[in-house]
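In what follows, a structure is listed as structure tokens, so that the remarks can point back to it.
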Amino acid sequence: MFGYRVPAPDEAMLISGGKRGLGGAPFRVVTGHGKFVLPVFRKTRFLTLSMCEAEVSETCVTKQGIALTVRAVIAFKVGNDTESIVNAGQRFLSDQDQMSILTGRIFAGHLRSIIGSMTVEEIVTERQKLAVEVLDTSKAEMAKIGLTVDSLQIQSIDDGDTGYIDAMSAPHKAAIQRQAQIAQAQATQASAEAQQVAARNQAEYARQTSIVQAQYSAEVDRAQAEAAQAGPLAQAHAQQEVLAAQTELAQRAGELRQQQLVAEIVKPAEAEAERIRVLAVAEAERMKIQAEAAASYDRVALDRMLIDQLPMIVKEASAGLQGANVNVLNGADGLGEIAAGLVGQGLTILDSVRKNLGTPDGAGKPGSDIQRYLGGQRRDSGSDNGPIDVQ
């Protein structure tokens, strides 16, 4: 828009003409926003707020009188506050490159002043301390001209041809060299030990490899031998199994034959013997029954024969009384008693004959036994024909 001006982010817009700025400054400061500026009545200028750099290379004399060339780099910029911008604008607005030149000169003077109060050893070993002291001593002076220092770096310190720094560092160099040599020796020894360990490891690995190869070879040979023997062994096992099967088959055939012999010979023989025994027992039982039946028949026949002979027995008994002198005392009763006695005597004779039939002496015909018995009875009854009294 016509008359509207806007500064860049790293710039400060300075407007002169019209009203005065803050604190009686001859211009007004605008940062971060735009502003209408009358083209004829106002004049606008821009001051950089970006980072600037200044290099310093200064020969300084130390407390010991040794000249040192010090090189440093200073990073600085215009302060962000309005006062710093006003101070820097009044000094550097027409020639802003002068900020680096003036800053280098200011820090060169402070370096000479501070290094003059220090020894070479302090400067070399305490560079950060040197930078801090230079910053502290230059801060107020830099603020007056509206500049702020962000950092100060000591790049190098050189004593020229004096060789002081080299002499100062000689013990350290010797120690470092000694340590380096020791380290090199240790490294060489470690390398030799590592090589020896590697050689031993290689030898051990070769030994283990040989052992493993030998084991593998032995296993391969054993496997080949087993494979070579597998056929005959399998055949022998098969033959052994065949023989075992044949043996078992023969045993079973023998058992079967034995069972067949038992069924064909022993069992029929036992059955025949049992049949003969049963027949013999039956025959013996039959003969016993027949003998008992015959004996029973003989007794019945004997009894019948005895009964048939009983009249003859009585007759024979009565014949023995023919020559006897019998006195009948009581008439008819007496005669009856005599007859009854004869009959009883006949029955007694019959019982005696039966008993005597079971003895060897009684063997023979029943008639002869009866005759013998009656003959004896005659002798016992008194052949002298004595009187018989019948009461």
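In this calculation the C-beta distance from MET51 to ILE182 is compared with R0 = 41 Å, giving a FRET efficiency of 0.30. For region 165-239, the solvent-accessible area works out to 80 Å² per residue, with a probe of 1.4 Å and every protein chain left in place. Within the accessible area of region 57-161, the carbon and sulfur atoms contribute 45%, probe 1.4 Å, all protein chains present.
Give the calculated FRET efficiency between ALA253 and ALA291 to the nearest 0.05, with a Förster radius of 41 Å applied to their Cβ-Cβ distance.
0.15
The gain in end-to-end length when the SER100 to THR119 segment is fully stretched comes to 3.9 nm, 0.36 nm per residue minus the alpha carbon separation.
Calculate, in nm to one decimal, what ASP158 and ALA192 gain on full extension: separation in residues at 0.36 nm each, minus their alpha carbon distance. Don't jump to the answer; show the numbers that get you there.
Numbers: separation 34, 0.36 × 34 = 12.24 nm, distance 4.23 nm.
Roughly 8.0 nm would be gained on extension.
Per-residue extension of 0.36 nm, minus the Cα-Cα distance of ALA244 and VAL6, leaves a gain of 73.8 nm for this segment. Here the accessible area of region 193-254 is 57 percent carbon and sulfur, with a 1.4 angstrom probe and all protein chains present.
Rolling a 1.4 Å probe across the protein heavy atoms gives region 1-93 an accessible surface of 56 Å² per residue.
Here, region 111-250 yields an orientationally averaged convex hull projection of 23.4 nm² when only Cα atoms define the hull.
The values are calculated or read from the model by the stated rules, or taken from the named source; none is laboratory data. None of these values were measured; they are calculated from a predicted model. FYI the Cβ positions are ideal-geometry reconstructions off the backbone, even for glycines, and counts take in every protein chain you see. Just so you know, the surface numbers come from the protein's heavy atoms only, side chains and all, with ligands and any DNA or RNA stripped out. Shrake-Rupley method; radii C 1.70, N 1.55, O 1.52, S 1.80 Å.
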